[in-house]
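Bear in mind these aren't lab numbers, they're just calculated from the coordinates by the rules spelled out. Since the model is a prediction, treat every value here as computed from it, not as a measurement. We place every Cβ from the backbone using ideal geometry, glycine too, and count neighbours over all the protein chains shown.
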Amino acid sequence: MAARWVVPVAVALLALAVGLYLIPSPIDPEPYIFQGPPPLLEGPLAVNTRLQRGRRLFAGQLRGPESFTADQDGNIYTGTVDGKLWRIYQDTLTFITQMGQDIPECGSSMDYEPVCGRPHGVRLDSSGQLIVADSYFGLFRVDPQSGEKTLLLSSKQGCDGIPFGFLNGLELSRNGTIFFTDSSSRWGRRHVRYEVIETNHLGRLLAYEPQTGQVRTLLDSLYMPNGIALSPEEDFIMMSETSIGRIVRYWLKGPQAGTKEILMNNMPGYPDNIRLSDRGTFLVGITTTRFRGRIMPPFLDLIGPYPAVKRFITKLIPFSWYNMLLPKYGLVLELGPDGEVLDSLHDPNGTLTWAVSDVFQHGGQYYLGSTDLPFLPVLEHWS
């Protein structure tokens with residue numbers, strides 16, 4: 001009797017395989033081979049629980065506070081997945097403005113982000129105005145008191161004839177130059193998982209001059225450029241390339257001006273924002289860990305060289321499932337100016353947080369960003 005089912009089952013499986021093969025893949029992946037295994041968790045990378053020594057604020061009120069800035073009065077500003085900008089003073093939360101349309105669906109699904117907006121980079125300029133990089137709409141100046149928005153540079157306009165697809169990192173120089181990253185000219189933020197799996201190099205580092213309205217490309221062909229931070233002397237920018245777990249340095253001044261160099265490769269996770277600490281070091285949020293497996297290498301290392309496998313995975317796994325596959329492991333790195341690891345803070349169980357996007361030091365505390373978590377973690381101290 002069992003033999004009667006062999007042929008029909010085989011035919012069904014073959015039909016399923018052929019069907020999956022013929023379905024167009026949403027991505028056009030490239031092969032990428034990491035230049036080595038992730039580093040061992042030893043020395044300054046040794047596992048600890050120091051990232052658990054904090055508290056969660058505004059649970060259920062803030063979802064995905066991605067990046068932060070602060071004024072001299074102690075107000076902290078951030079943006080969330082529903083396209084809103086907020087002001088935080090101590091334990092009080094105040095709404096400032098909506099980057100796009102304010103509709104009930106905002107925050108319910110990433111599909112509404114192109115309508116509602118998604119503020120990523122947030123900084124305060126010398127006149128006390130917020131500069132905001134909205135992933136979909138462009139660069140804005142926002143009055144933190146009235147909420148009035150002024151569009152400085154639209155994503156449709158872009159630069160060099162290429163519209164912006166995914167504005168992300170942001171930094172301001174003392175002379176007012178706005179440095180920012182466009183993570184991809186192909187994928188918007190709501191398709192960030194495709195961007196990572198595809199491993200393309202369609203990102204750019206750019207500079208905008210508010211006085212003249214001029215924008216220029218500093219670097220192109222980057223692998224999902226994300227967070228950026230200026231050095232204390234503003235002679236270089238440190239930048240993360242998230243999809244390949246790399247940090248590079250781009251020189252603004254000196255004999256190497258206009259060139260880049262790799263500072264850190266084969267990282268223990270995928271870096272997001274980079275912030276300057278009051279110690280002159282660089283604090284890096286790790287959005288997803290990349291640890292050595294006991295049996296197999298990390299997932300993206302494993303599939304990296306095989307575009308056909310990447311295409312198949314994106315056909316087989318629903319987009320909404322990707323978050324469930326990510327480990328709940330919190331990790332923050334402290335780096336020196338040459339990319340050397342000085343220290344690390346871990347939350348191995350996600351007790352306080354995981355998927356850290358930003359590490360913003362202010363008033364003796366550290367505000368920990370995320371792209372999606374429904375609370376704001378605050379670390380009481382570093383040591």
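Between the helical axis of 2-22 and the dominant principal axis of the chain, each derived from Cα atoms, what acute angle in degrees is found, rounded to the nearest 10?
Roughly 40 degrees between the two axes.
For Ser383 and Asn265 in the same chain, what is the full-extension length gain: residue separation times 0.36 nm, less their Cα-Cα distance, in nm?
Full extension of this stretch gives 39.9 nm more.
Only Lys, Arg, Asp and Glu count, each charged at its Cβ (+1, +1, -1, -1), so figure out the dipole size of the chain about its Cα centre, rounded to 20 debye.
Values: 33 positive and 39 negative charges, 228 e Å.
Dipole of the chain, to the nearest 20 debye: 1100 debye.
Which residue fluctuates most in the GNM of the chain (Cα springs below 10 Å): Ile228, Ile237, Ile317?
Answer for the Gaussian network model of the chain: Ile317.
What 222 nm value per residue comes from the helices of the chain, counting each DSSP H run with n ≥ 4 as -39,500 (n - 2.57) and dividing by all residues, nearest 500 deg cm²/dmol?
Numbers: 5 runs with 47 residues, N = 383.
Helix-only estimate at 222 nm: -3500 deg cm²/dmol.
Label 7 Å along Cα→Cβ of Arg174; segment 111-127 residues with amide nitrogen under 18 Å?
Zone members listed by number: 124-127.
To the nearest 10 degrees, how steeply does helix 307-316 sit against the main Cα axis of the chain, on a 0 to 90 scale?
Between helix and principal axis, roughly 90 degrees.
For segment 53-65, just list the computed ³J(HN,Hα) in residue order, Karplus coefficients 6.51, -1.76 and 1.60, θ = phi - 60°, integers in Hz, with x standing in for Gly and Pro.
8, x, 9, 9, 10, 6, 4, x, 9, 10, 10, x, x
Between the DSSP loop rule and a limit of at most 13 other Cβ atoms within 10 Å, which GluC sites (Glu not before Pro) in segment 36-126 are left? The partial results should precede the final answer.
On the way: sites: Glu42, Glu66, Glu105; in loops: Glu42, Glu66, Glu105.
Loop-located and lightly packed - Glu42, Glu105.
So for the chain, averaging the separation of alpha carbon pairs under 8 Å that are six or more residues apart and normalising by length, what relative contact order in percent results?
Reported relative contact order: 20 percent.
With only Lys, Arg, Asp and Glu charged, each at its Cβ (+1 for the first two, -1 for the last two), find how big the charge dipole of segment 89-166 is about the Cα centre; round to the nearest 20 debye.
Approximately 200 debye in magnitude.
Give me the orientation-averaged projected area of the Cα convex hull of segment 2-379, in nm², one decimal.
Working: hull surface 85.2 nm².
Orientation-averaged projected area of the Cα hull: 21.3 nm².
For Cα pairs less than 8 Å apart in space and 6+ apart in sequence, what is the mean separation divided by the residue count of segment 213-256, i.e. the relative contact order in percent? Walk me through the intermediate numbers first.
On the way: 57 pairs, mean separation 12.8, N = 44.
With pairs under 8 Å counted, the relative contact order is 29 percent.
Mind checking which of Met224, Met239, Met296 has the largest fluctuation in a GNM of the chain, springs on alpha carbons under 10 Å?
Met296
Pairs on different chains or at least eight residues apart, Cα atoms closer than 30 Å: how many lysine pairs in the chain fit?
9
Under a GNM of the chain (C-alpha, springs under 10 Å), which listed residue has the highest mean-square fluctuation: Phe299, Phe179, Phe166?
Of Phe299, Phe179, Phe166, the Gaussian network model singles out Phe299 as fluctuating most.
Which value, in debye to the nearest 20, gives the size of the charge dipole of segment 148-212 about its Cα centre, when Lys and Arg are +1 and Asp and Glu are -1 at the Cβ?
Here segment 148-212 has a charge dipole of around 200 debye.
What is the local net charge at Ile237, summed over the other residues whose Cβ is closer than 12 Å to its Cβ (Lys, Arg +1; Asp, Glu -1)? If you can, show how the numbers build up before the last one.
Values: positive: Arg249, Lys253, Lys260; negative: Glu171, Glu233, Glu234, Asp235, Glu261.
Net of charged neighbours comes to -2.
Give, as a single signed number, the net charge of other residues whose beta carbon lies under 12 Å from the beta carbon of Trp251, with Lys and Arg counted +1 and Asp and Glu -1.
-1
Grab the beta carbon distance between Tyr306 and Lys328, set R0 = 25 Å, and tell me the FRET efficiency rounded to 0.05.
Approximately 0.35, to the nearest 0.05.
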